[in-house]
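K.L.:
Have a look at the structure that comes next, please.
Here, each number is a calculation from the coordinates, and none is a lab measurement. Just so it is clear, the structure is predicted and the values come from calculations on it, not from any experiment. Note: ideal-geometry Cβ built from the backbone for every residue, glycine included; neighbour counts use all protein chains shown.
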């Protein structure tokens, strides 16, 4: 029985397009859904003292609506790559992921880092005892 109950709470990791092909298969299951925030789809409201946001995750032309309550990652914004974790529910408008956690990265930041990255520094062999560090392994200071 323990194995069954832990399997019942397992999170499945899927891209948006994998879920939208057969949404009924994933309803009431705990999922981690990977996609990109559709530009202009983020709406935030404060209800009570909690921030509630809705947005659309997109991947390979497929879309799924997501709702999330509480704080968001600093890098959560339009076009950000996101993994939303939660439970998929059926609504009159189609499947909706009720996310309990958002993990996001900003693609432009990481892309800029990749393009601007310098080659890693070459590691010099350590100097032998008694050899000044300024002379390096070759024993010369050029």
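K.L.:
Take the residues of the stretch 25-46 that are in contact with a strand residue (DSSP E or B) (Cβ under 8 Å, 6 or more places away or on another chain), over 17 Å from residue 105 (Cβ atoms) and free of Cβ contacts under 8 Å to residues at least 40 places away in the same chain: which is surrounded by the most Cβ atoms within 10 Å (Cβ to Cβ)? Full working, then the answer.
P.N.:
Initial filter on the stretch 25-46 (in contact with a strand residue (DSSP E or B) (Cβ under 8 Å, 6 or more places away or on another chain)): 26-38, 41-46.
So of that shortlist, the ones also over 17 Å from residue 105 (Cβ atoms) come out as 26-31, 41, 43-46.
Add one more test, that the residue is free of Cβ contacts under 8 Å to residues at least 40 places away in the same chain, and what stays is 41, 43-46.
Details: 41: 16, 43: 10, 44: 11, 45: 9, 46: 8.
Ranking the candidates gives 41 first.
K.L.:
Can you tell me which residue within the stretch 48-68, out of those that are in contact (Cβ under 8 Å) with a residue 40 or more places away in the chain and in a strand (DSSP E or B), is nearest to the chain's Cα centre (by Cα)?
P.N.:
Taking the candidates together, the pick is 57.
K.L.:
While we're looking at this one, here's another question. Inside the stretch 16-43, can you point out the residues that are assigned to a loop (DSSP other than H, G, I, E, B) and at negative phi?
P.N.:
Within the stretch 16-43, 22, 27, 29, 38, 39, 41, 42 meet the criteria.
K.L.:
Can you pull out the residues in the stretch 47-60 that are farther than 14 Å from residue 15 by Cα and buried (at least 16 other Cβ atoms within 10 Å of the Cβ)?
P.N.:
53, 55, listed by residue number.
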